[in-house]
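The block underneath contains the structure these notes are about, expressed in structure tokens.
What follows is calculated from the coordinates using simple rules that are stated; it is not laboratory data. Treat the numbers as computed from the prediction; the structure is a model and nothing was measured. Note that we place each Cβ from the backbone using ideal geometry, even for glycine, and neighbour counts take in every protein chain shown.
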Amino acid sequence: MPFASTAGRERFHRRLLAAWQQLFAQWMNRRIPPARQAVLGHRNIFILPNRQGLGFMLVLALMFIGAVNYESNLAFALVFLLLSMFVVSIFHTFRNLAGLRVSVVSGTGVFAGEMAELIVILHREGRRSHESVRLCYPSAQPQVCDLISGREARVSLFVPAVKRGWLKPGRLVIDTVFPFGICRAWSLLDLRVRSLVYPAPLECDLDYLLSNQLRSGNTSLVRGSEDFYSLREYRLGDPLRHVAWKNYASGQGMLVKEYASTMDQKVWLRWEMFAPLDTETRLSHMCWCALRLDEAGLDFGLALPGFSLPPGRGEAHYRQVLESLALFGSTSSA
């Protein structure tokens, strides 16, 4: 049947493309092995005429045919002059990349759906300048930089963070067509960079979750002493019974009474609290709750299947919670 044959051809083409991509990746790993940094040279720079260069060569071929046909010495001189310029372009385009030391560092972790920042560092060894150097990842917007006066240049590339976990952007493409624009020199570098992507925060009823914990006796938002300490602005998750209603009525805004024992508040984010939602939705809700609890300055712990993080607070604890959510179910967290 025509439909079946068309579907079969599409499957065959996909398999053929996948096999070709795998072979190319294996060859690239042998030719340019992954490394934390790379110095561009003869082994890892490729150079070929680009579309403009192919057009230039075609024009030269037509001019040469015309010179032979009309036996014109002036035409021969022009052809060889342009051909020598093409050869010189090959050397200068190659030299525009050669000698660059390239490394990449990742920015801070981002949430799924945001753009992850990867900072490419270019360092020149000698005094030679490097102009119109283009940098990009397969899914990033290209950036062009010049390295003329300084010894080092930093370029930020932004890669879409589609899903949680480790984001591996692939090989960095660094290329140039400088100076004449008729030859393209490029390199494909695997600099072993990755960026951590946290689950996309998804809002939920945090007040309800905390009230459930209070009723079950798992935590006490205010334990022991009821000594009044100070007033602060209301934060999501604060018990309504601690709101200073008199101040609110007088137009001072939503303020909360803090007690001496408020600093001992502890909250648990447990996997079972978000049943019967699917895994990714649970993680997104837990991520949103972690954001709010960190803003509120509360001690909170995390309980996932097979993993538990004791209650704590502060930037280090907050990042550890987000990392645990990002890598939940991953085969490797290293």
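Computed values, structure above
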read-out	value
DSSP bridge pairs, the chain: antiparallel proportion in percent, nearest 5	85
Long-range HN-HN contacts of Ala244 with modeled amide H, under 5 Å	Leu255, Val256, Lys257
Cα-only Debye scattering, the chain: base-10 log of I(q)/I(0) at q = 0.10, 0.13 Å⁻¹	-0.82, -1.04
In the stretch 1-90, the trypsin sites (Lys or Arg not before Pro) that fall in loop regions by DSSP, at most 13 other Cβ within 10 Å	Arg36, Arg43
Principal semi-axes in Å for the stretch 285-329 [√(5λ), Cα gyration tensor, largest first]	16, 11, 9
Footprinting exposure proxy for Lys266, Lys246 (fewest neighbouring C-beta atoms within 10 Å first)	Lys246, Lys266
Rounded to 10°, Cα long-axis angle of helix 206-216 versus longest principal axis of the chain	40
Packing-based exposure ordering (other Cβ within 10 Å, fewest first) of Tyr248, Tyr137, Tyr198, Tyr208	Tyr208, Tyr248, Tyr137, Tyr198
Under Karplus coefficients 6.51, -1.76 and 1.60, residue-wise ³J(HN,Hα) of the stretch 288-296 in Hz, glycine/proline x	5, 4, 4, 4, 5, 5, 5, 5, 6
For the chain: relative contact order, % (alpha-carbon pairs under 8 angstrom, 6 or more apart)	14
Mean ellipticity per residue at 222 nm, deg cm²/dmol - from DSSP H runs of n ≥ 4 across the chain, formula -39500 (n - 2.57)	-12000 deg cm²/dmol
In Å, descending, principal axis extents of the Cα set of the stretch 32-196	68, 34, 26
All aspartates and glutamates inside 19 Å of Lys168 as judged from Cα atoms, apart from same-chain residues fewer than 8 positions distant	Glu114, Glu117, Asp190, Glu323
